[in-house]
Amino acid sequence: MLASAPIGVFDSGVGGLTVLRALRAQLPRESFIYLGDTARLPYGTKSPETVVRYAVQAADALVARGIKALVVACNTAAAAALPTLQARFPGLPLIGVVEPGARAAVAASRSGRIAVLATEGTVLGGAYQQSILRLQPQAQVSAMACQLFVALAEEGWMDGAVADATARRYLAPLLETGEAVRPDVIVLGCTHFPALRTVIAAVAGEGVQIVDSAATTAKAVAEQLAAAGLSAAATSSAPEVRFLATDGLLRFITVGARFLGEDIPAGDVELIDL
């Protein structure tokens, strides 16, 4: 395995580009291959067995392209498939977004009251709840499935009346509970949700910290690469970023740019079948 090889990143769609954005900021000398399984999104409403199958297929496609590490930039896939992927690729540094997000939430919470906003699959799977409680057994963890946030982020409706009303509807059960039980940290447990961070924070109000796992995941990747001696050298050639999508190239390019924070050249995106 060469230090100059790219890092593979996959998600069910474009939400994981928020993680890629953080990875590029943390690891500016590294090259990346990003796979968005846009033909089969969302993963959040699929059964765990289906998510595991899709995740294995995505990982196989990236490993076949010679990656040196794999980042599961999809909370639902990380929650359901990480043990399977670790067993399938025992020598490959493999990082999911759930554990770093849980660590960030525990570090940020003063009261131990933590709320997780995620997709239905991530909430029902309980991965965030379990990870947080392993780190802080006395924590009080609540979880809310917020599937409409995915659609809002994809449509670019990140502020305005519709986004505000949706956030208020979802957060009401968490915030209308009294000071003694109200969470002081909200975890954005889906890679789409950082796009709505501003409106979620405004509805949550002062005193509630918003945590997403992108930056923490990027730090975890940097640590694993360094420990394995796989960090790109300062003398490495200019880093490259390639994109793979399983459907809808135009939508991937246009919507993905919102999450990546920059334009995605059409020539950098390859359509593949899994």
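What follows draws every value from the coordinates through simple rules; no lab data is involved. Here the structure is a predicted model, which is why all the values come from computation and not from measurement. Methodologically, a virtual Cβ is constructed for each residue, glycine included, from the backbone with ideal geometry; neighbour enumeration extends over all protein chains shown.
Here the contact order of the chain, divided by its residue count and restricted to Cα pairs under 8 Å and six or more residues apart, works out to 28 percent.
Under 5 Å from the amide H of Ala143 lie the amide H atoms of Val116, each residue being 5 or more positions distant or on a separate chain, with H modelled from the backbone and absent for Pro and chain starts.
Oblate is the label for the stretch 193-272. Its Cα gyration tensor axes, ordered a ≥ b ≥ c, give a/c of at least 1.5 and b/c at or above a/b.
Whole-Hz Karplus values for the stretch 21-34 come out as 4, 5, 4, 5, 5, 6, 10, x, 8, 8, 9, 9, 10, 10 Hz, taken residue by residue from phi with 6.51 cos²θ - 1.76 cosθ + 1.60 and θ = phi - 60°; glycine and proline positions read x.
Taking only alpha carbon atoms, the stretch 99-212 gives an Rg to Rh ratio of 0.94, where Rh is the Kirkwood radius.
Each residue of the stretch 62-67 was assigned a 3J(HN,Hα) from its phi angle through the Karplus curve 6.51 cos²θ - 1.76 cosθ + 1.60 (θ = phi - 60°); the sequence is 6, 4, 5, 8, x, 6 Hz, with glycine and proline shown as x. For the stretch 1-68, the square roots of the Cα gyration tensor eigenvalues, ordered a ≥ b ≥ c, give a/c of at least 1.5 with a/b no greater than b/c, which places it in the oblate category. Looking only at Ala204, Ala228, Ala143, which one moves most when the chain is put into a Gaussian network model with springs between Cα atoms under 10 Å? In this elastic network of the chain, the residue with the biggest mean-square fluctuation among Ala204, Ala228, Ala143 is Ala228. Highest average first, the peptides 240-248, 9-17, 54-62 ordered by how many other beta carbon atoms sit within 10 Å of their residues are 9-17, 54-62, 240-248.
For Gly13, the residues whose modelled amide H falls within less than 5 Å of its own, excluding neighbours fewer than 5 places apart on the same chain, are Asp37.
Shape class of the stretch 23-132 from the alpha-carbon gyration tensor: oblate, with a/c at 1.5 or above and b/c at least as large as a/b. Given that just one value was derived from the coordinates, which of [x] 51, 47, 43; [y] 54, 38, 37; [z] 94, 40, 32 is Cα extents along the principal axes in Å? Recomputing Cα extents along the principal axes in Å here gives the entry labelled [y].
Of the peptides 81-88, 101-108, the order by per-residue mean of other Cβ atoms within 10 Å, starting with the highest, comes out as 101-108, 81-88.
Using θ = phi - 60° in the Karplus curve 6.51 cos²θ - 1.76 cosθ + 1.60, the 3J(HN,Hα) couplings for the stretch 198-208 round to 4, 6, 5, 5, 5, 5, 5, x, 4, x, 10 Hz; x is entered for Gly and Pro. Computed per residue of the chain from DSSP H runs no shorter than four, each worth -39500 (n - 2.57), the mean residue ellipticity at 222 nm is -13500 deg cm²/dmol. Amide H contacts under 5 Å for Arg113: Gln140, Asp184, restricted to partners 5 or more places along the chain or on a different chain, H placed in the peptide plane at 1.01 Å from N. The stretch 137-274: percent of C-alpha pairs farther apart than 27 Å? In whole percent, the long-distance tail amounts to 40.
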